[in-house]
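Report on the following structure.
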Amino acid sequence: MKIIIDDLEPNLVEKLKYQAEQNGRTLESELKLILTQAAAKIPRQYFHNQPLIPLETLAAQVKESLDNTGYDSYEKIIDLIQDVKKEIAEEYLLKAQHQNES
């Protein structure tokens, strides 16, 4: 899923880029972490009251989501996983470099 936010103040973007760099992360990863931390503040009761969906339904939704975003073959999904692993490795290296510089 993609989220696009228009008209952010340039100063805010620069601060977020700096924060990401200081934490050894990409801007995208830093923003994901910020959103994850904000969502973690949502009371657990909200989620506990949500009904579980059957596994077959979940599998169908994941497949549909992958198909809709162009990951409609085994090879493309493997490429996606490899790209994610590469991004994680790059973030790890950036963080290690940042720690060595400190």
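Here are the numbers:
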item: Hits in segment 66-93 - residues which are open to solvent by less than 80 Å² (accessible area, probe 1.4 Å) and either in contact with a helix residue (DSSP H, G or I) (Cβ under 6 Å, 6 or more places away or on another chain) or in contact (Cβ under 8 Å) with a residue 60 or more places away in the chain (or both); result: 71, 87, 91
item: Within segment 60-102, tally of residues that are hydroxyl-bearing (Ser, Thr, Tyr) and in a helix (DSSP H, G or I); result: 3
item: Positions within segment 51-86 being small (Gly, Ala, Ser) and within 17 Å of residue 2 (Cα to Cα), in sequence order; result: 65, 70
item: Subset of segment 1-59 (residues that are assigned to a loop (DSSP other than H, G, I, E, B), without any contact (Cβ under 8 Å) to a residue 60 or more places away in the chain and surrounded by 10 or more Cβ atoms within 10 Å (Cβ to Cβ)); result: 53
item: Complete set of residues in segment 77-96 that are acidic (Asp, Glu) and more than 29 Å from residue 64 (Cα to Cα); result: 90, 91
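Residue-wise test of (1) over 24 Å from residue 32 (Cβ atoms); (2) under 19 Å from the mean Cα position of the chain (by Cα); (3) of a type in the set (Asp, Glu).
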site: 70; (1), (2), (3): no, yes, no
site: 75; (1), (2), (3): yes, no, yes
site: 81; (1), (2), (3): no, yes, no
site: 91; (1), (2), (3): no, yes, yes
site: 99; (1), (2), (3): no, no, no
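The values are calculated or read from the model by the stated rules, or taken from the named source; none is laboratory data. Bear in mind the structure is a predicted one, so any value in this text is a computation, not a measurement. Note that we place each Cβ from the backbone using ideal geometry, even for glycine, and neighbour counts take in every protein chain shown. Protein only, heavy atoms only, side chains kept; ligands, DNA and RNA dropped before computing areas. Shrake-Rupley method; radii C 1.70, N 1.55, O 1.52, S 1.80 Å.
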